[in-house]
Structures are given as C-alpha cells and as structure tokens.
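Following: one structure in structure tokens, then a few remarks.
Derivation of every value follows stated rules applied to the coordinates shown; laboratory data play no part. Everything numeric here is computed off the predicted structure, so don't read it as measured data. Reconstructed Cβ throughout: ideal geometry from the backbone, glycine too, with neighbour counts over all protein chains shown.
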Amino acid sequence: MSHDEPQLSRSERELEVMLKTLKPAEPDVSAAQIAFEAGRRAGRMQLFRWRAAAAILVAALGVSIIAHPAARPVDRFVSVQPAEPREVKSPPELDRQPYADASPSGAETYLNLRQTILQRGIDALPSARSSSGNAPHEDVLRAGSSIDELRGRL
C-alpha cells in the first residue's frame, strides 16, 4: 500500500475485492444507436431554431400587411392644356475679330464648324477626305442617303 491511500478496514478491503470481480452488464443499445440518437437530438434543436425564425418572419410579414393596407386606385380625370411652343434661340455669334491675326486652334475650328452646321444643317459638313487628304471617300453617307445606296456599295 502506498502512503497516499487511506487505511481501509478489513470489511472495506473485502468489499473492494468483490467489486473488482464484478463485470458490467452489456448495454441494451449499441454505440451506433447512441451516436444516431445524439445526432437526431442535435438536428431537432437546429430544426426548432429554423422554425422559430420562420415563424417570426411570418408574424412580421402579417403585421406589416395589416399595418399598411394596399393602396386603392382612385379614378380621376385630369385635363392638361398643351404648352405653348417656345422659340428656340440660336447660339450667340462669336466675335472673331480679336483673333483674326492668330492661327485657328482646334477649339476655334470646332466652333466654326458647329456654327455652320447650326445655320445650314448637316449637309454643310465638308466632304470626308482619304488618308492622303485629297480625294473624298466614296462610302460616306449623307443625310437623305437611302439604304439601297449603302447596299450597292457593299
């Protein structure tokens, strides 16, 4: 006997010997059945949580439907008078005199072209030039060109 163990009486030692000879009885369920039952109970808890969350959402939906009933359509006849046509103002003329001695910049060239198109229409555009800068392209379409002309060029 070790020094840490308490001193046992004779009857306690006899009981200890008899308990050592006992074997536990076989369980009525297997380890697989125990594991299955544990998983089922865990799943049941998760299912309960999902059902509770769905019930809360359904209750919130019901409250929102009751609190905000659907809008009812209202039939009204509204008479609207057409607006008077407005006069379209042309852009102001640019005073080009202060810049007469300077060479035209890209912005000034653009402004000149824009003013010409506004005054005379889309056909006032200059003819397109080829990459050499001399001959106009034959495949350029103008306003009023027909689809048949385009098909003839393809």
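Apply the Karplus curve 6.51 cos²θ - 1.76 cosθ + 1.60, θ = phi - 60°, to the phi angles in region 6-23 and return the couplings in whole Hz, x for Gly and Pro.
Whole-Hz 3J(HN,Hα) from phi for region 6-23: x, 6, 9, 6, 4, 5, 5, 5, 5, 5, 5, 5, 5, 5, 5, 7, 6, 10.
Counting Lys +1, Arg +1, Asp -1, Glu -1, what net charge surrounds residue 118 among other residues with beta carbon under 12 Å of its beta carbon? Write down the numbers at each step before the final one.
Values: positive: 89, 114, 120; negative: 93.
Counting the neighbours of residue 118, the net charge comes to +2.
For each of 74, 29, count neighbouring Cβ atoms within 10 Å of the residue's Cβ, then give the residues from fewest to most.
Details: 74 5, 29 9.
So the ranking, lowest neighbour count to highest, is 74, 29.
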